[in-house]
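Visitor: I'd like to ask some things about the structure below.
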Amino acid sequence: MTTALRTRIKFCGMTRAEDVAAAVALGVDAIGLILVPGSPRALSLSQAVALRASLPPFVASVALSLDADPADAQRSAATLRPTFWQFHGSEAPEDCDRIGLPYLKAVPMAQPEDAAAFAARYRSASGFVLDSHVAGGQGGSGRRFDWSRIPADLGRPLVLAGGLTPDNVFDAVCAVRPYAVDVSSGIESAPGVKDGDRMRAFVAQVQRADAILRSA
Ligand SMILES: O=C(O)c1ccccc1N[C@@H]1O[C@H](COP(=O)(O)O)[C@@H](O)[C@H]1O
């Protein structure tokens, strides 16, 4: 796979219009909208629609569900029309296909599963979000996993998630060289409330890593 000249950035778990505007101003590539009941970052469908509608062109929206009823997820997708759907649970590949949108599949890295075999099951996924959760467990935990367990090439874009912060994302990008990084709790001042300084610092650290990798 070709090495990208810059690492894409997704800010997940957006709940407030002002945080979305700040993320857009910082140049992030995507925002995540969580449709998982019980998450401190959960949105109603109408709240998600409003945040998605506030995005300018060329900033992607990613709606996230976890073991939702497939028919419910399809209805939500038809209303929300995000750029991507992210399946964060134990959804079967056939149910992911039924969403009718390009999708990302989260890979639970908390357990010793062969991530490459997992990737082979989800042949139509646009990319894989490697997170620190157990299968069927929630993300947004702020926990890291052992990056040395990441396979060399999953054959599709790798999105690194799980416990990323402004303090460790430089090392993460240099060590893993992911296609994208995905962060939720690491840029918050409280669950669901993004922090402007932490968002800015996170982007700056990714850009610093990219500049070093480009010059190497
Ligand atoms: O953020 C959540 O509340 C959440 C709930 C249910 C499933 C996934 C969730 N978030 C995803 O988990 C990763 C990692 O989060 P963190 O950076 O460790 O806090 C995040 O990028 C979301 O994609």
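Visitor: Which residue out of 162, 142 is on the phi > 0 side of the Ramachandran plot, small (Gly, Ala, Ser), within 15 Å of the ligand (Cβ to nearest atom) and surrounded by 23 or more Cβ atoms within 10 Å (Cβ to Cβ)? Can you show your working first?
Guide: Working: 142 fails: surrounded by 23 or more Cβ atoms within 10 Å (Cβ to Cβ).
Unique residue meeting the criteria: 162.
Visitor: Out of everything in segment 165-185 that is in a helix (DSSP H, G or I) and either of a type in the set (Phe, Trp, Tyr) or within 13 Å of the ligand (Cβ to nearest atom) (or both), what residue ends up being modelled with the lowest pLDDT? Step through it out loud before you land on a result.
Guide: Keep residues of segment 165-185 that are in a helix (DSSP H, G or I), which gives 169-176, 185.
Of the ones still in play, those that are also either of a type in the set (Phe, Trp, Tyr) or within 13 Å of the ligand (Cβ to nearest atom) (or both) are 169-170, 172, 185.
Values: 169: 98, 170: 98, 172: 97, 185: 94.
Only one residue fits best here, namely 185.
Visitor: Here's another thing I want to ask about it. In the set 117, 125, 152, 78, which member is among the small types (Gly, Ala, Ser), farther than 16 Å from residue 62 by Cβ, assigned to a loop (DSSP other than H, G, I, E, B) and without any contact (Cβ under 8 Å) to a residue 40 or more places away in the chain?
Guide: On the way: 117 fails: assigned to a loop (DSSP other than H, G, I, E, B); 125 fails: farther than 16 Å from residue 62 by Cβ; 78 fails: assigned to a loop (DSSP other than H, G, I, E, B).
After applying the criteria, what remains is 152.
Visitor: Out of everything in segment 99-113 that is touching a helix residue (DSSP H, G or I) at 6+ places or on another chain (Cβ under 9 Å) and surrounded by fewer than 16 Cβ atoms within 10 Å (Cβ to Cβ), what residue ends up being modelled with the highest pLDDT? If you could, list the steps in order and put the result at the bottom.
Guide: First, pick out the residues of segment 99-113 that are touching a helix residue (DSSP H, G or I) at 6+ places or on another chain (Cβ under 9 Å): 99-101, 103, 105, 107-109, 112.
Those still in the list that are surrounded by fewer than 16 Cβ atoms within 10 Å (Cβ to Cβ) too: 100, 112.
On the way: 100: 94, 112: 58.
In this case the residue turns out to be 100.
Visitor: Among the candidates 128, 118, 145, single out the residue that is closer than 28 Å to residue 37 by Cβ, at pLDDT below 85 and of a type in the set (A, V, I, L, M, F, W, C).
Guide: None of the others qualify; the one that does is 118.
Visitor: Go over the candidates 49, 28 one by one and state the one that is under 23 Å from residue 169 (Cα atoms) and not aromatic (Phe, Trp, Tyr).
Guide: On the way: 49 fails: under 23 Å from residue 169 (Cα atoms).
That would be 28, the only listed residue that is under 23 Å from residue 169 (Cα atoms) and not aromatic (Phe, Trp, Tyr).
The values are calculated or read from the model by the stated rules, or taken from the named source; none is laboratory data. These numbers come from a predicted model, not from an experiment. No Cβ is skipped: glycine too gets one built from the backbone with ideal geometry, and neighbour counts run over all protein chains shown.
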